[in-house]
Amino acid sequence: GLIPPVSEGEAASAAVLKGPNIKPVPRGVPVEERLTAPVLIKLGDKVSTDAISPSGTAVLMFRSNVPAIAEFCFRNVDADFVARARTAGRGVIVGGEIYGQGSSREAAVLSPLHLGVRAVLAKSFARIHRANLINWGIVPLEFENAADYDGIERDDVLDFEDLRGSLAAGGPVWVTDRRTGARFRLRCILSPRERDMLLAGGLLTQTAAKG
């Protein structure tokens, strides 16, 4: 019942047959030098991964089909989120305390990634979800001053100054809200491994680049 692998020369041209509900996994992109993006959604405290990517048989049947499962992203919180994200092309999410609590499901990161989310700004993150964001190249940023969260509204356009350089240097990330003119600082404390992975666009992108 076992089929031995083909030779290295044949492997490059071998086609992998997949069913219609199995799609390629999206790859993150390297962190930009400077990012300008709208706030696609503003959320409160204790946003769970179930709120980000709902559970249930109607959704989980697409767990190997990221484009399809992404259509359910934040559906029970904001039914217009997916359309808004598609129109924007790229954006950021703003959350409160313990963003991403609950189940460690990767769909809660892969769906926003597929929809162009480049960063999540929160007062704090659930540990495993933060690790998953880094693994897939979405920047997890925490407010240095939690009160800065209050001045941000959905659809605000944020300018992230020297985003890549700040992360590489381990310093604060300065952000300006174009609507209010407010300028505030975010932090992203990373281990050397996390920093290199995030800057590369996530573990998959980093591994492919080395390949």
>> From Cα pairs below 8 angstrom and at least 6 apart in sequence, can you work out the relative contact order of the range 1-159, rounded to a whole percent?
In response: 28
>> Accessible area of the range 1-157 with a 1.4 Å probe: how many percent of it is carbon plus sulfur?
In response: 55
> Roughly how big is the range 157-211's charge dipole about its Cα centre, with Cβ charges of +1 (Lys, Arg) and -1 (Asp, Glu), in debye to the nearest 20?
Replying inline: 80
> Under a 1.4 Å probe, what is the accessible area of the range 27-110 per residue, stated in Å²?
Replying inline: 45
> Among bridges DSSP assigns within the chain, what percent are antiparallel (round to 5)?
Replying inline: 50
> Is the shape of the range 1-74 rounded, prolate or oblate, going by the alpha carbon gyration tensor and its root eigenvalues a ≥ b ≥ c, with a/c under 1.5 for rounded and a/b larger than b/c for prolate?
Replying inline: oblate
> Tell me which lysines have Cα within less than 25 Å of residue 46's Cα, excluding those fewer than 8 residues away on the same chain?
Replying inline: 123
> Mind checking which of 87, 176, 57 has the largest fluctuation in a GNM of the chain, springs on alpha carbons under 10 Å?
Replying inline: 57
> Using only helices, what value at 222 nm comes out for the chain when you add -39,500 (n - 2.57) per DSSP H run of length 4 or more and divide by the total residues, to the nearest 500 deg cm²/dmol?
Replying inline: -7500 deg cm²/dmol
> In square nanometres, what is one fourth of the surface area of the convex hull spanned by the alpha carbons of the range 102-211?
Replying inline: 7.3
> Using a Gaussian network model of the chain with C-alpha springs under 10 Å, which one of 48, 191, 166 is most mobile by mean-square fluctuation?
Replying inline: 191
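The values are calculated or read from the model by the stated rules, or taken from the named source; none is laboratory data. What you see is a predicted model, and the numbers here were worked out from it, not measured in a lab. Note that each Cβ is placed from the backbone with ideal geometry, even for glycine, and that neighbours are counted across all protein chains shown. Heavy atoms of the whole protein, side chains included, go into the accessibility calculation; ligands, DNA and RNA do not. Shrake-Rupley method; radii C 1.70, N 1.55, O 1.52, S 1.80 Å.
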